[in-house]
Amino acid sequence: MARRKVVLIISSSLVFMSCMVVFSPYFMTKSSIQTKSSSGGWKEGFQRNPKFVIGIMSANGNRELRDAQRQTWISSLRQDLPLDVEYKFVLDRPTQETQAELDRERDIVYLNLSYSGYAVKFGEKLYSWFKYVAEHNHEATIVAKMDDDVFLCTKQMITRLNELKHTRLYYGWQHQQGIVRIDEMFVVLGIDLVMRISQRKICSAKEFECEKSELVDTNWGGTSLGRWLSSYDDVITVPDNANIIYYHRGQKPSLDIRKEDNFCHKYLLYHKASADDMFFLFKKIQK
Ligand SMILES: *[C@@H]1O[C@H](CO)[C@@H](O)[C@H](O)[C@H]1NC(C)=O
């Protein structure tokens, strides 16, 4: 009896070991994919910075704002930062002008959605962006959606996000009323939350016509996302209202950035920035 047991143990460990041999190429391939740097070269394993992917939602006609962002805070993404940052402008559909812009800048993604306009299915737009990242950006750790009228204090914001980075992070300017929701002008999500959302189905119908598991589109991005995330109890919500200057629709700016010594010494983000505002803020940083 005892002898049979020994034989059994030996043969099962043999089976286990041969499995390891058969599957080890698979494990090796997986880890070498992770060490491939974004520049296409190969670096030492696991020393690469975590990756932050930003989608800037823009309208075709907002070329001036896009160019101002490119020439200001986006241009400083190339400096040495604790996170590797990749950004894309996210547009609905191609036009002749944006196609020429894409050929030159190589930084535009079209979601190819069949509708467009203000406050029309913003939830689905946000969902499509997260789905795009889930399919195309396997190395992302945290992912943002932001607007084209937002100025980021690049170094300060990236440093802050590097401290907070978590695969279930939900970060930004939090509204005080109703469910927990971060405003969509700048919202950062950890990759686990991005994956969970992108694996669910979006429902554009009225709420009572949607399945319980589906994502209801309130037409607004921020409220939609807040509701989608409310079904999880492990979301790490980090509101950062004190460090972010945000204005509601129609609200008059209460902070005169031109009277600030250096905005980015006090804050991380300025919302409702015109192209001129962005150049002004950036010049202060350069000094
Ligand atoms: C949108 O369509 C264009 C071609 O018209 C294609 O190159 C692009 O990959 C599509 N975008 C997405 C997100 O599938």
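Here are a few things to note about the model shown:
- Residue-level check: of (1) open to solvent by less than 60 Å² (accessible area, probe 1.4 Å); (2) touching a Cys at 6+ places or on another chain (Cβ under 8 Å), Gln156 misses just (1).
- Given (1) open to solvent by 30 Å² or more (accessible area, probe 1.4 Å); (2) at pLDDT below 95, index of the condition Met195 fails: (2)
- Output for the range 61-106, where each listed residue is over 21 Å from Ala275 (Cβ atoms) and touching a residue at least 60 places away in the same chain (Cβ under 8 Å): Gln79, Leu81, Pro82, Leu83, Val85
- Subset of the range 253-287 [surrounded by 13 or more Cβ atoms within 10 Å (Cβ to Cβ) and of a type in the set (Gly, Ala, Ser)]: Ala273, Ser274, Ala275
- For the range 73-116, filtering for residues that are open to solvent by 40 Å² or more (accessible area, probe 1.4 Å) and away from the ligand (no atom under 14 Å from the Cβ) leaves 11.
- Taken over the range 139-186, residues that are closer than 14 Å to Asp84 by Cα, part of a strand (DSSP E or B) and of a type in the set (A, V, I, L, M, F, W, C) amount to 4.
- Members of the range 258-287 found to be under 24 Å from the mean Cα position of the chain (by Cα), farther than 10 Å from Cys153 by Cα and not in a helix (DSSP H, G or I), listed by number: His271, Lys272, Ala273, Ser274
The values are calculated or read from the model by the stated rules, or taken from the named source; none is laboratory data. These figures come from a predicted structure and were not determined experimentally. With ideal geometry, Cβ positions are generated from the backbone for all residues, glycine too; neighbour counts draw on all protein chains shown. Surface accessibility is based on the protein's heavy atoms, side chains included, excluding ligands, DNA and RNA. Shrake-Rupley method; radii C 1.70, N 1.55, O 1.52, S 1.80 Å.
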